[in-house]
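Below is one structure; the comments refer to it alone.
The values are calculated or read from the model by the stated rules, or taken from the named source; none is laboratory data. The structure displayed is predicted, hence computed values, not measured ones. Quick reminder, even Gly has a Cβ in these numbers, built from the backbone with ideal geometry, and neighbours come from all protein chains shown.
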Amino acid sequence: MRRFNSAGAAVLRDVVVIVFLRRPRPGRVKSRLSRAVGRRTAARLYAMTLARTLNLVADLAPQRVAMPASARDLAWLRRHTRGWRRRCQARADLGGRMSSALTSALGDGRPALLIGSDLLDFEPRDLVQAARLLIDGHDAVFGPAADGGYWLVGLRAPEPRLFTGLAWGSREVFAQSCARARALGLRVAEIACRHDLDRARDLSRARRACSGSLPRTRKLGQAARKLLLMPALQVDETHTDARRAARA
């Protein structure tokens with residue numbers, strides 16, 4: 001992968017980048033998308049966005065943390081994330097997990113950014129811009145998502161009150177979070193709106209993100225598997241195979 005310019009890399013040198021992720025197992029990821037395209041296809045598409053995210057972050061951020069949703073996946077993750085720190089997400093709602101992750105990372109005295117792993121169109125320059133805003137004095141930075149949530153949050157210092165009492169999963173999360181941050185007296189910045197892969201309507205954008213390589217046919221899952229940027233992150237179908245054997 002082409003390295004981002006040295007000025008951009010320098011900005012990220014002292015900023016911690018956290019990636020929330022799940023192991024791409026059919027039936028365990030992208031439940032809403034699964035209802036439209038099937039569990040295996042949804043897991044393969046998520047594996048593609050996960051691989052892209054890990055590659056982009058690894059290419060740019062020396063201080064990076066991969067955080068799976070389950071402690072059972074830490075051993076799996078260790079095989080595929082050389083050069084990363086790894087820690088399991090806290091047992092809490094989404095707000096509690098994000099607050100815990102950011103508070104831990106900010107303990108090193110560096111600003112921290114947190115992103116998800118199902119993004120279709122975020123770019124290295126987005127991380128650079130968010131990091132620069134924090135370094136230049138903003139207390140919080142958000143990357144809004146098209147569905148009303150946000151795909152990135154960054155802080156200069158811990159602020160647990162930013163993540164409590166919000167309507168997680170609703171279209172108001174971004175607006176609520178910005179209002180809460182300003183009410184807490186934080187200097188807030190916003191970067192580009194991006195799109196995640198959650199529903200059937202997102203598939204056309206997924207095709208564009210992959211340079212048109214995803215066909216509009218039932219072969220979509222097969223094409224997504226071929227497009228994985230990290231072969232080691234191929235979909236884990238162990239549980240699917242076990243359920244099939246139990247039914248036999």
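Quickly run through region 101-123 and pick out the residues that are farther than 17 Å from Asp14 by Cβ and part of a helix (DSSP H, G or I).
Answer for region 101-123, where residues must be farther than 17 Å from Asp14 by Cβ and part of a helix (DSSP H, G or I): Ala101, Thr103.
For region 139-168, which positions are part of a loop (DSSP other than H, G, I, E, B) and in contact with a Leu (Cβ under 8 Å, 6 or more places away or on another chain)?
Asp139, Arg156, Ala157, Pro158, Glu159, Trp168
Could you go through region 143-153 and let me know if any residue there is over 26 Å from Ala9 (Cβ atoms), touching a residue at least 12 places away in the same chain (Cβ under 8 Å) and out of contact with any strand residue (DSSP E or B) (no Cβ under 9 Å at 6 or more places or on another chain).
Within region 143-153, one or more residues are over 26 Å from Ala9 (Cβ atoms), touching a residue at least 12 places away in the same chain (Cβ under 8 Å) and out of contact with any strand residue (DSSP E or B) (no Cβ under 9 Å at 6 or more places or on another chain).
Taking the options Leu166, Leu186, name whichever one is hydrophobic (A, V, I, L, M, F, W, C) and either over 21 Å from Gly109 (Cβ atoms) or modelled with pLDDT under 95 (or both).
After ruling out the rest, the residue left standing is Leu166.
Restricting the search to region 29-59, which residues are surrounded by fewer than 22 Cβ atoms within 10 Å (Cβ to Cβ) and not charged (D, E, K, R)?
Ser31, Ser34, Ala36, Val37, Gly38, Ala51, Thr53, Asn55, Ala58
Condition first: assigned to a helix (DSSP H, G or I) and either among the hydroxyl-bearing types (Ser, Thr, Tyr) or farther than 23 Å from Arg82 by Cα (or both). Now tell me which residues in region 4-26 satisfy that.
Ser6, Ala7
When only residues in region 42-82 that are part of a helix (DSSP H, G or I) and of a type in the set (Gly, Ala, Ser) count, which is nearest to Val128 (Cα to Cα)?
My answer is Ala58.
Please enumerate the residues belonging to region 27-42 that are farther than 25 Å from Gly83 by Cβ and either over 18 Å from the mean Cα position of the chain (by Cα) or aliphatic (A, V, I, L, M) (or both).
Gly27, Leu33, Ser34, Arg35, Ala36, Val37, Gly38, Arg39, Arg40, Thr41, Ala42
Given the condition of a type in the set (A, V, I, L, M) and closer than 19 Å to Leu197 by Cα, answer yes or no: does some residue in region 70-92 qualify?
Taking every residue of region 70-92 in turn, none turns out to be of a type in the set (A, V, I, L, M) and closer than 19 Å to Leu197 by Cα.
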